[in-house]
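The next block holds one structure in the form of structure tokens; read it before the comments.
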Amino acid sequence: MRLADKIAIVTGAGSGIGRAVAMRFAREGARVTVVDRSREHVDAVVAAIGRANSQAVAAVADVTEDAEVSRFMEMTTEATGRLDVLVNCAGVTAFGTVLDSPASELDQVLAINVRSIWTVSRASIPHMRPSGGSIVNMASITGVVGAPGMAAYATSKGAIITLTRTLALEVAEAAIRVNCICPASIDTPMLQASFERLDDPDAARARNVKRHPLGRLGTPEDVANLALFLASDEASFITGGTYVIDGGALLARRWQD
Ligand SMILES: NC(=O)c1ccc[n+]([C@@H]2O[C@H](COP(=O)([O-])OP(=O)(O)OC[C@H]3O[C@@H](n4cnc5c(N)ncnc54)[C@H](O)[C@@H]3O)[C@@H](O)[C@H]2O)c1
């Protein structure tokens with residue numbers, strides 16, 4: 001029960017990494033607001049948490065819509081006036097180089113992947129101020145080393161790292177910690193969709209596995225474990241950090257093979 005009695009919000013919690021984070025946090029004693037734009041997925045995650053006798057609240061919302069952000073923030077904090085943990089997982093991928101992607105695509109990716117972290121964090125901080133809190137942002141190793149052919153996505157993930165560092169320093173006096181996680185390939189519906197764009201999805205998956213010296217893709221639960229540590233009081237002296245979780249991929253310099 002490493003998050004006993006904590007109030008948490010997880011965005012993008014309907015699928016993949018966000019889903020695993022929400023389920024793990026609830027199991028560790030948090031009351032989790034499950035935010036996603038897919039009603040079907042939100043309901044499924046809340047039901048799964050309920051079946052495990054843990055606590056969750058459903059919030060069907062688009063994180064790019066400010067009114068919807070205000071609504072789930074109010075819903076989460078109205079009982080206690082407090083928020084302890086925010087995990088920003090909602091995100092989308094985009095494929096294309098700088099030369100072949102229209103700027104409108106960059107606008108759209110930045111709105112979902114970056115602006116939403118800005119607005120949801122802004123809305124959270126007043127509720128964390130009284131006793132401190134933890135914000136965990138889902139960046140990517142593409143934000144560290146770039147990703148040719150995923151230009152808008154990598155740009156957005158680099159911005160998340162800088163936003164994390166900046167906000168960490170801005171709110172440190174209130175004992176609010178802000179960190180980000182940079183996964184390599186994690187086996188989620190988003191990653192599977194990226195394989196399925198290609199002629200031979202199985203070969204694409206096998207090539208991708210080879211980039212990771214540990215010889216496998218990451219699981220959503222691997223990332224949830226790291227998010228749990230960063231969200232918990234065990235990480236109380238850690239802020240502004242960029243935590244790579246990549247099975248050794250960056251070190252082996254195989255990422256862009
Ligand atoms: N899977 C990977 O290999 C990988 C690697 C690095 C970083 N990430 C990041 O981790 C995060 C989660 O990715 P995933 O692989 O679990 O993807 P996923 O597609 O399985 O889950 C993303 C969830 O975000 C939700 N979402 C998207 N836009 C939204 C919006 N505007 N409002 C509300 N919800 C929205 C989707 O409905 C979906 O349920 C993303 O930020 C992604 O960029 C993933």
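Taken together, the values in this text are just the output of simple stated rules run on the coordinates, not laboratory data. Every value quoted in this text rests on a predicted model; they were computed, and no experiment measured them. Every residue, glycine as well, gets a Cβ built from its backbone with ideal geometry; the counts of neighbours run over all protein chains shown.
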(message) So, restricting to helices (runs of 4 or more DSSP H) that lie completely within region 161-257, which ones have at least 3 residues that are within 25 Å of M128 (Cβ to Cβ)?
(response) 220-231
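Every residue, every condition in (1) surrounded by 24 or more Cβ atoms within 10 Å (Cβ to Cβ); (2) more than 9 Å from the ligand (Cβ to nearest atom); (3) part of a strand (DSSP E or B), yes or no:
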| residue | (1), (2), (3) |
| --- | --- |
| G18 | yes, no, no |
| A22 | yes, yes, no |
| F25 | yes, yes, no |
| E40 | no, yes, no |
| V57 | no, yes, yes |
| V63 | yes, no, no |
(message) Let me spell it out: the conditions are (1) within 14 Å of the ligand (Cβ to nearest atom); (2) within 19 Å of A13 (Cα to Cα); (3) in a helix (DSSP H, G or I); (4) not polar (S, T, N, Q), and M75 meets all of them except one. Which number is the exception?
(response) (1)
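Being under 17 Å from F72 (Cα atoms) and surrounded by fewer than 24 Cβ atoms within 10 Å (Cβ to Cβ) is the filter here; which residues of region 125-139 pass it? Break it down stepwise before answering.
Filtering region 125-139 down to residues under 17 Å from F72 (Cα atoms) leaves 125-128, 135.
Hits for region 125-139 are I125, P126, H127.
In the list G143, G132, which residue meets the criterion of being in contact (Cβ under 8 Å) with a residue 12 or more places away in the chain and on the phi > 0 side of the Ramachandran plot?
Numbers: G143 fails: on the phi > 0 side of the Ramachandran plot.
Result of the check over G143, G132: G132.
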(request) Look through region 193-212, keep the residues that are surrounded by 14 or more Cβ atoms within 10 Å (Cβ to Cβ) and of a type outside the set (G, A, S), and return whichever of them is farthest from the ligand (Cβ to nearest atom). (result) P201
(request) For C89, work out the one condition from (1) farther than 18 Å from A231 by Cβ; (2) within 15 Å of the ligand (Cβ to nearest atom) it doesn't fulfil. (result) (1)
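Does region 107-129 hold any residues that are more than 15 Å from the ligand (Cβ to nearest atom) and either out of contact with any Leu (no Cβ under 8 Å at 6 or more places or on another chain) or outside any helix (DSSP H, G or I) (or both), and which are they?
So in region 107-129, the residues more than 15 Å from the ligand (Cβ to nearest atom) come out as 122, 124-129.
The answer is R122, I125, P126, R129.
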(message) Please pick out the residue among I238, I160, I245 that is surrounded by 19 or more Cβ atoms within 10 Å (Cβ to Cβ) and aliphatic (A, V, I, L, M).
(response) I160
(message) Considering only region 101-111, I want to know if a residue exists there that is crowded, with 16+ Cβ neighbours inside 10 Å and under 17 Å from G240 (Cβ atoms).
(response) no
